[in-house]
Amino acid sequence: MAERTTEEPWKILEFYSGIGGMRYSLMRAEIHANIVEAFDINDRANDVYMHNFGCRPFQGNIQSLSAAELDKYAAHAWLLSPPCQPYTRQGLHKDSADARASSFIWILELIPQMRQPPIMLFVENVVGFEISNTHKHMMDIFAKNTFVTQEYILSPLQFRIPYSRPRYFCLAKRKPISFKNPSLNYQLCHTLTPLVPLEDKTLMDACLPEKVKEESYLSCLSISNFLETSGSLMGFEQDCHGKEANGSVDFLEKFAVPHSLIERWGSAVDIVYPSSKRCCCFTKSYFRYVKGTGSLLATSENFNYEAAKSTGTCFMKDLGLRYFTPREVANLHSFPLDFCFPEHITIRQQ
């Protein structure tokens, strides 16, 4: 985006804005830009967005938008994070036939009809999108409308964040704008070296074979760097709602994993410690279910889980298992410290 010489701010459209992750990324990148409109159909997500940014996204049906209406925004760039369910490993794999894919396809198909199409697009989705029919259709539209693309599979692990969440990203620039590194044009880089300074200079900042092990990444920070104590929880609640928290007792009661769930699903859950340097991706079912929804945190650090598990004497109740808090999940997603939820949003919704 820095290629524009004018000092006027970029005009950005933010599709599928959710709780504002794309907007926070734009702010963190210190891009001179204005979000001229955000779009999301989820009422609760829009409440959170409004709470943090002071403006409410457009909540109508995106498929009601026309090329002429999009032209009125005169936006230079679009940010898009469309629904991932049509492409997830655990989904129905309906791809472009899934109704949740239709709005994204609609937006893409408006581009050739516009008088002022965007000159840049940034698309994010789950791994699996890159082999979908929707992806093929998107790339066809980009090619026919003189866009140059670069695609990546990136994970927070590459940025020293102990969070295994690989995601697909596509950068598209309309000619004559170009990328600084054209050697990656029209390529999908499945695995990259860490994108932070390395001690091991033998690791090149370039595309590597897909089977490069996680050990080749720069050592991540420990999970403890992303946790909150009961004291910081009180500060968080005061910042958001001007209320005092009730201390560590309420904190433990809120986020402790019930023993009934431990007894039923204990062998199937992913358990991490504050000293761990990896945790699993959190899903929207986290805090409602424990199997396959995200890691659980063992607060009894001195308990030797692996040793007990191997000898068959593991009593998982002794691990002090709890859920990660909404603030901690936000930390792992690199949300800023001043981000918070409106008071009416429940913990499960958070």
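The values are calculated or read from the model by the stated rules, or taken from the named source; none is laboratory data. It should be emphasised that the depicted structure is a prediction, and the values quoted were computed from it without experimental measurement. Cβ placement follows ideal geometry from the backbone for every residue including glycine, while neighbour counts extend to all protein chains displayed. Ligands, DNA and RNA are excluded from the accessible area calculation, which covers all protein heavy atoms including side chains. Shrake-Rupley method; radii C 1.70, N 1.55, O 1.52, S 1.80 Å.
Listing for the model above:
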quantity: In nm, spacing of pseudo-spin labels at SER285 and GLU8 (7 Å Cα→C-beta vector); calculated: 4.9 nm
quantity: Under 5 Å, built H, 5+ apart or other chain: amide partners of GLY292; calculated: ASP270
quantity: Spin-label pair ARG44/TRP106, simplified geometry with 7 Å Cα→Cβ offset, distance in nm; calculated: 2.4 nm
quantity: Cβ-based net charge around ARG348, under 10 Å, with every Lys or Arg adding one and every Asp or Glu removing one; calculated: +2
quantity: Residue-level accessible surface for PHE169, protein heavy atoms, 1.4 Å, Å²; calculated: 40 Å²
quantity: Segment SER334-LYS136, extension gain: residue separation times 0.36 nm, minus the distance between their alpha carbons; calculated: 68.2 nm
quantity: ARG264 paired with VAL36, simple spin-label distance in nm, labels 7 Å along Cα-to-beta-carbon; calculated: 5.1 nm
quantity: Gain upon complete extension [LYS317, ARG348; 0.36 nm per residue less C-alpha separation]; calculated: 8.9 nm
